[in-house]
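Scroll down for the structure; my scribbles are underneath it.
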2 protein chains.
Amino acid sequence: MGEQLTTLHALAEPNRFHIVELLRVGPLTVGEIADSLKLRQPQVSKHLRVLSDSGLVEVQPIANRRIYKLQSQPFLELEEWLDTFRNIWEDRFDRLDEYLKDMK
Amino acid sequence: MGEQLTTLHALAEPNRFHIVELLRVGPLTVGEIADSLKLRQPQVSKHLRVLSDSGLVEVQPIANRRIYKLQSQPFLELEEWLDTFRNIWEDRFDRLDEYLKDMK
DNA sequence: AAGGAATATTCTTGTAAGGGAATATTTAAA
DNA sequence: TTTAAATATTCCCTTACAAGAATATTCCTT
């Protein structure tokens with residue numbers, strides 16, 4: 001799977017999306033996330049695993065706690081990908097007429 | 001579901017992702033997409049349905065063909081969402097030390 | 001050393017969703 | 001007005017995956 005697909009897949013799950021939204025405020029422990037989102041701890045750990053595998057978050061172990069924080073790279077790469085569409089909105093389209101004429 | 005989640009969900013499926021990548025070159029019919037990606041027509045139609053429902057593509061019916069083309073808005077909105085993370089990479093993080101000190 | 005917190009992992013189950021095959025629908029062409 | 005082409009839809013099956021519950025692991029505290 002391409003990098004973007006991995007990132008998209010991780011972000012597309014509602015609870016993971018919420019976790020990411022929550023982490024934008026600052027790093028949090030598993031328990032804090034679970035409390036905030038009213039999720040059970042195991043599910044949070046599992047979602048964090050996916051986010052971690054996809055590179056979207058990073059762990060910092062402190063004693064028996066684990067502090068998760070967002071990682072910029074996947075976000076920046078996804079934005080770069082989206083950026084490659086910019087030319088398209090300006091140039092190529094809105095010339096549908098000509099394309100249709102050729103098809104006829 | 002929020003707009004971004006809808007967009008992410010639609011893009012996160014590999015075949016739909018490929019369809020989007022293909023459509024960036026220009027508008028295409030269902031058959032052309034099926035041929036290019038070596039997918040069966042019904043599956044392509046089904047994926048296009050999801051992409052259409054999420055606003056990522058638009059249909060233009062011509063005779064018994066249907067020409068699909070990308071729609072800029074969801075892409076732009078997703079990029080805007082990603083853009084709201086920019087401040088985060090610069091400011092808040094990389095001060096994890098202080099946060100940890102407070103937790104102790 | 002023992003007990004308790006915080007987190008991760010495993011197993012099971014239920015469900016959403018994609019693929020395959022068949023069929024319906026629409027439109028052009030003969 | 002039949003026939004064929006392009007596309008959409010439906011039904012069935014299978015698989016991926018998220019939730020729940022229980023358990024394992026790690027580290028602190030006493």
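Summary table
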| read-out | value |
| --- | --- |
| Spatial separation of Cα centroids for the range A:1-68 and the range B:6-72, in angstrom | 31 Å |
| Solvent-accessible area of A:Phe85 with every protein chain in place, 1.4 Å probe, in Å² to the nearest 10 | 0 Å² |
| Computed [θ] at 222 nm, deg cm²/dmol, chain A (DSSP H ≥ 4; -39,500 (n - 2.57); rounded to nearest 500) | -18000 deg cm²/dmol |
| Residue-count net charge about B:Ile19 - beta-carbon cut-off 15 Å; Lys, Arg +1, Asp, Glu -1 | +2 |
| With eigenvalues of the C-alpha gyration tensor scaled by 5 and rooted, the protein assembly as shown, Å | 40, 17, 12 |
| Dipole in debye (nearest 20) - chain A, about Cα centre, beta carbon charges: Lys, Arg +1; Asp, Glu -1 | 700 debye |
| Estimated vicinal HN-Hα couplings, Hz - the range A:73-82 in sequence order (Karplus 6.51, -1.76, 1.60; Gly, Pro = x) | 3, x, 5, 5, 5, 5, 5, 4, 4, 4 |
| Karplus 3J(HN,Hα) series, Hz, for the range B:45-50 with 6.51 cos²θ - 1.76 cosθ + 1.60 (x for Gly, Pro) | 4, 5, 5, 5, 4, 4 |
| A:Arg49-B:Gln43 pseudo-label distance in nm [points 7 Å out on the Cα-to-Cβ vector] | 2.8 nm |
| Hydrodynamic radius by Kirkwood, which averages 1/r over all alpha carbon pairs of the range A:3-103, in angstrom | 15.6 Å |
| Residue order for A:Lys46, B:Lys38 - accessible surface, 1.4 angstrom probe, largest first | B:Lys38, A:Lys46 |
| Relative contact order %, chain B, counting alpha carbon pairs below 8 Å whose residues are six or more apart | 26 percent |
| Sulfur and carbon atoms: percent of accessible area, chain A [1.4 Å] | 46 percent |
| With eigenvalues of the C-alpha gyration tensor scaled by 5 and rooted, the range A:1-53, Å | 20, 11, 9 |
| Those residues of the range A:55-71 for which accessible area with every protein chain present is at least 30 Å² below the isolated value (1.4 Å probe) | A:Gln60, A:Ile67, A:Lys69, A:Leu70 |
| Projected label distance in nm at A:Thr29 and A:Leu76, using a 7 Å step from Cα toward the beta-carbon | 3.1 nm |
| Area hidden from solvent between B and A (accessible, protein heavy atoms only, 1.4 Å, total, Å²) | 4100 Å² |
| For B:Arg24, distant residues with modelled amide H under 5 Å away | none |
| Built amide H within the under 5 Å cut-off of B:Ile62, gap 5+ | B:Ile67 |
| Fully extended contour minus Cα-Cα distance, from A:Leu22 to A:Phe85, at 0.36 nm per residue | 19.8 nm |
| For the range A:16-26, Karplus couplings with θ = phi - 60° (6.51, -1.76, 1.60), whole Hz, Gly/Pro x | 5, 4, 5, 4, 4, 4, 5, 6, 5, 6, x |
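The values are calculated or read from the model by the stated rules, or taken from the named source; none is laboratory data. For clarity, every value in this text was computed on a predicted model and none was experimentally measured. Positions of Cβ are backbone-derived with ideal geometry, glycine not excepted, and every protein chain shown enters the neighbour counts. The area values use the complete protein model at the heavy-atom level, side chains included, leaving out ligands, DNA and RNA. Shrake-Rupley method; radii C 1.70, N 1.55, O 1.52, S 1.80 Å.
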